[in-house]
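The values are calculated or read from the model by the stated rules, or taken from the named source; none is laboratory data. This is a predicted model, so every value here is computed, not measured. Virtual Cβ from ideal backbone geometry, glycine too; neighbours counted across all protein chains shown.
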């Protein structure tokens with residue numbers, strides 16, 4: 001049976017009857033016998049990837065036949081991509097979608113976040129810039145400390161490299 005729905009960057013939220021992909025190093029490590037369990041406990045991440053999640057990077061191509069997906073879903077993953085990676089991910093998404101298929105993407109809207117920042121700054125909020133950076137996952141209030149702190153950060157946390165808006169995503 002061909003897949004009807006594909007999700008990339010799924011993390012721990014894997015649809016039951018979907019093809020679910022994630023490119024997290026944590027997923028690869030978790031799937032290693034013994035090593036995965038040990039590193040999982042060290043990272044402090046009690047959650048494990050569901051069994052129906054496969055390792056796959058949309059920017060490198062996913063093992064999905066062309067024109068077979070009724071829908072492709074990506075939630076809060078495109079912010080972790082560079083502009084060139086986003087272009088590649090969108091090309092791959094279009095390749096997978098059947099004619100008339102739907103791509104649903106959730107990501108913070110840069111334009112709206114910028115509006116909120118300008119409004120708060122104009123009202124004199126000294127926290128406007130900090131709020132913008134932390135809510136957009138572009139800023140960090142502190143650096144991870146020690147080996148375990150750095151390991152937890154590397155294996156368990158995502159951060160944004162870029163922000164997108166409707167204008168950019170519609171232009172593809």
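State the number of residues belonging to segment 123-153 that are in contact (Cβ under 8 Å) with a residue 24 or more places away in the chain, surrounded by 15 or more Cβ atoms within 10 Å (Cβ to Cβ) and in a helix (DSSP H, G or I). Of the residues in that region, 2 qualify. Restricting 94, 90, 106 to those that are buried (at least 17 other Cβ atoms within 10 Å of the Cβ) and either touching a residue at least 12 places away in the same chain (Cβ under 8 Å) or farther than 15 Å from residue 137 by Cβ (or both) reduces the list to 90. Condition check for residue 5 on (1) at positive phi; (2) at pLDDT 90 or above: one failure, at (1).
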